[in-house]
Amino acid sequence: MEVIIRKDADTGCLLGARIIARYVREKPNCVLGLATGRTPLRLYQELIRMHRDEGLDFSRVTTFNLDEYVGLPATHDQSYRYFMRENLFRHINIDPANTHIPDGTAADLHTECRAYEERIIAAGGIDLQLLGLGRNGHIGFNEPSGSLRSRTWIKILSEQTLQDNSDVFGSRSAMPRHAITMGIGTILDARRCLLLAFGPPKARAVERMIEGPLAAICPASALQLHPRATVVVDEASGSALQFSDHYRWIDANKLPWQRYD
Ligand code: F6R
């Protein structure tokens with residue numbers, strides 16, 4: 001696991017955007033896995049800026065989002081389809097037909113989950129998967145104790161996740177309790193993973209993901225198995241790491257082609 005510590009969320013997001021932009025430039029028809037939530041917002045703003053000011057071209061890019069709430073139509077302002085349209089897709093030159101998000105309103109959710117996996121395979125697999133981190137160690141909506149080999153499926157959201165995400169719904173009872181999410185196995189199949197986690201509330205989960213044992217109780221620890229996982233944290237979210245000097249040493253001694261900035 002490549003661990004990069006930056007001063008704050010802003011510089012961490014700019015770095016994440018550079019990593020994605022480099023990928024898009026090198027492989028214009030790449031398949032990106034995307035995330036929603038507060039963490040990647042600044043990264044998306046930077047990708048939009050790069051598209052506008054530097055001509056970063058998304059016309060041949062395909063995307064697959066990690067997850068979607070069950071029961072929310074694309075028109076609902078808290079659906080992840082709505083989020084992606086408002087915060088990224090409508091500001092860049094991506095073909096909407098190439099953007100994929102699980103359909104949480106499908107009549108047959110099991111079929112939708114299997115079809116989502118098939119769509120990823122038909123697209124050639126995910127080249128780079130962007131991830132955020134839940135305070136409880138979840139990635140996608142893979143909550144603690146779920147299988148580390150799971151595939152896209154319907155998951156029950158934990159109480160912690162309801163607590164963390166319900167403010168935007170107005171109340172906990174208004175927030176869906178179920179979501180379709182790529183499984184941990186699906187995420188690990190991506191050729192590259194890029195996880196961002198910032199701020200003091202993420203410190204414990206960051207420490208368990210990077211330095212804790214590989215354990216289903218911290219789903220993000222599965223990234224320890226990934227051959228090419230990059231984790232970008234800030235001083236605050238990295239504050240509980242025991243080996244931060246080691247990560248900084250590695251970062252400072254990278255070969256020129258291993259650097260992102
Ligand atoms: C979002 C997702 C979640 C979030 C995580 C962190 O698509 O899959 O795992 O990345 O809950 O959320 P924020 O960024 O809001 O702290």
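Is it the case, given these coordinates, that ARG192 is touching an Asp or Glu at 6+ places or on another chain (Cβ under 7 Å) and either under 23 Å from GLY12 (Cβ atoms) or at pLDDT below 95 (or both)? When the stated conditions are applied, ARG192 passes them. Considering (1) part of a helix (DSSP H, G or I); (2) more than 11 Å from the ligand (Cβ to nearest atom); (3) of a type in the set (A, V, I, L, M, F, W, C), the lone condition that LEU241 does not fulfil carries the number (1).
Please verify whether ALA9 is within 12 Å of the ligand (Cβ to nearest atom), modelled with pLDDT of 95 or more and over 23 Å from THR186 (Cα atoms), treating the condition exactly as stated. Against the criterion (within 12 Å of the ligand (Cβ to nearest atom), modelled with pLDDT of 95 or more and over 23 Å from THR186 (Cα atoms)), ALA9 qualifies. When you scan region 43-69, how many residues do you find that are more than 22 Å from LEU194 (Cβ to Cβ) and surrounded by 21 or more Cβ atoms within 10 Å (Cβ to Cβ)? Qualifying residue count for the region: 1. In region 103-156, of all residues being in contact (Cβ under 8 Å) with a residue 60 or more places away in the chain and of a type in the set (Phe, Trp, Tyr), the one that is nearest to ARG42 (Cα to Cα) corresponds to PHE141.
The values are calculated or read from the model by the stated rules, or taken from the named source; none is laboratory data. What you see is a predicted model; the values in this text were computed from it and never measured. No Cβ is skipped: glycine too gets one built from the backbone with ideal geometry, and neighbour counts run over all protein chains shown.
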